[in-house]
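One structure is given below, encoded as structure tokens.
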Amino acid sequence: MSDTSDSETRPDPAVLAASASESLSAENPVHAVGIGPGNLEYLTPRGERAIRDAEVVVGFETVVEFVRERTDADLLTCGYRDEAETLAAFADRVSGGESGTAVLMGDPNHSGYQFLGKVQAAVDSPVRIVPGISSLQVAASRARTPMEESTFVTLHKSGAIASDLRRLREDVGDRHLLVLPRPYDWMPEDVAADLLDAGASPSLEALVLERLTHANEAVTETTLEGLSAMAAESAEDASPFSDLSVLAVRSR
């Protein structure tokens with residue numbers, strides 16, 4: 001496990017994304033659409049319209065594939081290695097007068113600001129978020145952990161996560177925890193082990209919710225102690241859980 005990465009010294013695009021509020025008067029914005037957790041029954045009508053009306057759509061290949069049949073737009077897909085090149089091509093299309101939409105999993109406000117910031121840095125246009133339904137919201141429903149009584153932390157990002165882990169350690173037991181893990185060095189079992197090391201009660205109820213809203217959705221119900229034991233049993237760099245997981249730890 002590690003709470004650092006090579007990208008720590010680079011400017012964090014999430015900071016740019018959160019640097020100012022949106023302008024409601026901005027004309028011809030690029031839309032950043034949260035498509036939901038992958039089941040298109042959870043794609044909002046407003047999000048679908050922004051995708052359908054766009055002339056060019058950009059996003060990670062796995063995300064774009066979910067909405068391919070919902071638009072006639074040109075689709076620009078990327079992975080981490082060609083992300084900058086693809087966003088530059090998208091920006092060229094938008095600056096040439098085409099309407100553009102970027103697509104993100106879930107809701108951009110839940111673990112999406114790094115990609116959002118990269119889109120914002122690439123285009124010479126205002127960017128407007130179209131919120132989506134996050135797997136986090138679905139997990140809160142399944143685990144019955146109301147958001148106002150929960151601490152939410154995303155570890156699913158590049159860069160340092162020490163402050164995020166500290167929040168979890170401080171609030172465990174007193175508040176529900178909802179955690180988006182980071183594949184594959186901070187998976188649910190790793191977070192559980194860290195919380196136990198910080199003095200959390202081994203008997204706290206822990207749920208790992210995988211592939212939410214998909215046909216193969218699964219929920220593992222255990223305790224922090226039971227979940228932590230899975231880290232010891234797993235081979236290094238292996239996890240019994242999907243990278244599409246949410247960890248919920250219920251309060252006392």
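The values are calculated or read from the model by the stated rules, or taken from the named source; none is laboratory data. Keep in mind the model is a prediction, meaning the values are calculated, not measured. Backbone-built Cβ (ideal geometry, glycine too); neighbour counts: all protein chains shown.
Numbers for the structure displayed
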item	result
Filter result for Asp12 (surrounded by fewer than 22 Cβ atoms within 10 Å (Cβ to Cβ), in contact with a Lys or Arg (Cβ under 9 Å, 6 or more places away or on another chain), of a type in the set (Asp, Glu) and modelled with pLDDT under 95)	yes
For Gly100: the one exception among (1) surrounded by fewer than 20 Cβ atoms within 10 Å (Cβ to Cβ); (2) over 22 Å from Lys157 (Cα atoms)	(1)
Residues within the range 79-131 that are among the aliphatic types (A, V, I, L, M) and over 19 Å from Ala26 (Cβ atoms), tallied	7
Long-range neighbours under 7 Å by Cβ, at least six apart or interchain, first residue outside the structural domain of Pro126 (by TED's automatic domain parsing) within the range 95-113, second modelled with pLDDT under 95 and among the aromatic types (Phe, Trp, Tyr)	none
Scan of the range 56-76 for residues that are more than 13 Å from Gly106 (Cβ to Cβ) and in contact with a strand residue (DSSP E or B) (Cβ under 7 Å, 6 or more places away or on another chain), ordered by number	Val56, Val57, Val58, Glu61, Val64, Val67, Arg68, Thr71, Ala73, Asp74, Leu75, Leu76
Lone unmet requirement of (1) without any contact (Cβ under 8 Å) to a residue 40 or more places away in the chain; (2) in contact with a Phe, Trp or Tyr (Cβ under 8 Å, 6 or more places away or on another chain) for Leu75	(2)
Strands (runs of 3 or more DSSP E) wholly inside the range 146-252 that include at least 2 residues being modelled with pLDDT of 95 or more and β-branched (Val, Ile, Thr)	150-154, 218-223, 245-249
Residue in the range 116-130 that is at pLDDT below 95 and closer than 21 Å to Thr220 by Cβ present	no
Members of the range 115-124 that are in contact with a helix residue (DSSP H, G or I) (Cβ under 7 Å, 6 or more places away or on another chain) and either part of a helix (DSSP H, G or I) or closer than 18 Å to Pro37 by Cα (or both)	Leu116, Gly117, Lys118, Val119, Gln120, Ala121, Ala122
Residue in the range 178-190 that is under 17 Å from the mean Cα position of the chain (by Cα) and among the basic types (Lys, Arg) present	yes
Yes/no for Ser5 being modelled with pLDDT under 95 and farther than 22 Å from Ser245 by Cβ	no
In the range 143-165, the residues that are under 20 Å from Glu189 (Cα atoms) and either free of Cβ contacts under 8 Å to residues at least 24 places away in the same chain or in contact with a Gly (Cβ under 7 Å, 6 or more places away or on another chain) (or both)	Ser163, Asp164
